[in-house]
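The values are calculated or read from the model by the stated rules, or taken from the named source; none is laboratory data. Not measured: the values here are computed from a predicted model. Cβ atoms come from the backbone with ideal geometry, glycine included; neighbour counts cover every protein chain shown.
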Amino acid sequence: MMTLPDEFRDVSVAVPLAIPVLISIDMVRASETYASKGFSVVNAAHNYLILRRHNVELHISGVTHIPEPHCVSAYIRVSDVDDWHIAFNNGRAKRLSTVEDKPWGMREFHFIDDDGNLLNIGQMLPSHIAHHA
């Protein structure tokens, strides 16, 4: 059986120093999209945003076009996935899945923003945590 290192036992943060960098062709729209999901801009430059929601940080880099194939994604592990889903399901989320318990021990959903960035947001199921404690 796999034993998790201590830093991974706190399910509110998966890897504290891994910060996803998404891309956008419209930084104003990206800022507004993520603000509507509960993120705050903590730093902004001409082509770069740093956003935070609770203890989760996202960066968004401005680009002139979205490269093909586009495959920018991030997995965000949280301790309150249902609250995150409520925040993301505010009427403006066009591409938002339902929250589901997955066979790999996570309760999660995914969101695709207007630039095609994929966010998977999930938390460990209690039964999965017990197996790794």
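How about segment 59-99: which of its residues are within 15 Å of residue 22 (Cβ to Cβ) and among the hydroxyl-bearing types (Ser, Thr, Tyr)?
61, 73, 75
Strands (runs of 3 or more DSSP E) wholly in segment 27-133 with at least 1 residues that are exposed (fewer than 12 other Cβ atoms within 10 Å of the Cβ) and aliphatic (A, V, I, L, M) - which ones? Outline the logic, then answer.
Details: elements: 40-45, 48-53, 56-62, 73-77, 106-112, 118-124.
Here the list reads 40-45.
With at pLDDT 85 or above and either among the aliphatic types (A, V, I, L, M) or touching a Ser or Thr at 6+ places or on another chain (Cβ under 8 Å) (or both) as the only criterion, which of 74, 14, 93, 18 stands out?
Numbers: 14 fails: at pLDDT 85 or above; 93 fails: at pLDDT 85 or above; 18 fails: at pLDDT 85 or above.
Within the list 74, 14, 93, 18, the selection yields 74.
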